[in-house]
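Beneath this line is the structure, given in structure tokens, with notes to follow.
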Amino acid sequence: MNENDRAITGLVMLAHSLVHTYEFAFPVFVPLWLSQFGTTEAAVGFALTVGFSLFGLGALPAGILTDRRGSKPLIVACLGGMGTSFVVLSVAPNLIVVTVALVIWGVAASVYHPAGLSLITRGVEARGDAFAYHGTAGNVGTAMGPFLATVLLFLLSDDWRLVAAVLAVPALIGVLLALRVEVDETAAVAADGGEAGTGVDSLEEFASTSRTLFTGGFVLVFAVVMLSGLYYRGVLTFLPALFEGFDAIQPADVFGRTFEPGNYIYTGLLATGVLGQYVGGKLTDRMPVDLGLALGYGALGVVALIYLPAVEAGLGPLLVLSAVLGFFLFVVQPFYQATVAEYTPPSARGLSYGYTYLGVFGVGALGATVAGVALTAFSQGVLFAVLAAFGFVAFGIGLVLYAYAERRAGR
């Protein structure tokens, strides 16, 4: 990596880790909101849905802004907005203000992925290494979010407002650090002899560029990322609750307090994703990204099919398969991020990643609803069968993309 590569990679690692730290810290506060506000799961669920939906829905306009204004200013705004949201959360007297804080977070966080990934693909020459470090940082945040929130609540006697205030500090420090970083956002494009462009200037150009994207291979990539989002939200939303009902996982009394092993297994599963992100990022420079995409989703389909039988086999198989699930759930992310870059022009890279994360987090948010209906109306077996279907369909689309790429290359 050259100096510019390292500067960009450091900036996106910082922002990516904080985005997912905050995303997975919110659920830890839910039991306290329920008890202190005297509200219902439905009301709290609606508030969370609003914030998480904006996380996905805001990605498309964020992608347009990225192409027009550049990535770094938007990443700075993302960090500032997330810090502000936790400051608001720290003084929330009721669920309405909590919802306002979630809205601020959702809008701010939605900016990150289009801006950060565009910055990598347009500015970093050692792109595979950057994807590896970027993904690793994101998964460190994913695992640290619930862990930090849990530890701080324990240390601060369940004062969730004080915990929110403490958690606001890293994002606000991040703003100061990001402002000091100097990067060339289009260095990699220039090195390849191309031009980054200035994005879309009008609604007509937006429609024209979108039509161009969706008449090529990108339409299949978009289908894959939607399936990825559905699988991601579908499995992660209810897995902690499922752990509580598994015979292999039993709560224990430690020093007069209830110790829930399931919560730590869930954190461990997310932490395993650190390795998945790193390996996936490294492999994007070492194998066809379409093939890696297909193999990763095929593995997720198989894991979903055998997960419940592993649970019945005991704690050991459950722990092993949970680690495998965490690995493959995140190994696919660098592959689809790199695949987007293969099927889109640099001038529309922000817009293409905007559509990508509209699919992953916007459409993908429906995975929680699909999983909830499957568990409520049917059974755990139906849920994992649906997840397997998501994985195998994405596997098939990945193979189609790989065959298309091989034919285009004349192999």
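What the table shows:
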item: Checklist (1) buried (at least 23 other Cβ atoms within 10 Å of the Cβ); (2) among the aliphatic types (A, V, I, L, M); (3) within 28 Å of residue 215 (Cα to Cα) applied to residue 329, failing item; result: (3)
item: Residue check, residue 27 at pLDDT below 85 and either assigned to a loop (DSSP other than H, G, I, E, B) or within 20 Å of the chain's Cα centre (by Cα) (or both); result: yes
item: Count of residues meeting criterion [among the basic types (Lys, Arg) and within 15 Å of the chain's Cα centre (by Cα)] in the stretch 98-130; result: 0
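The values are calculated or read from the model by the stated rules, or taken from the named source; none is laboratory data. Predicted model only: the values in this text are computed from it and were never measured. Neighbour counts are summed over all protein chains in view; Cβ atoms, including those assigned to glycine, are modelled from backbone coordinates with ideal geometry.
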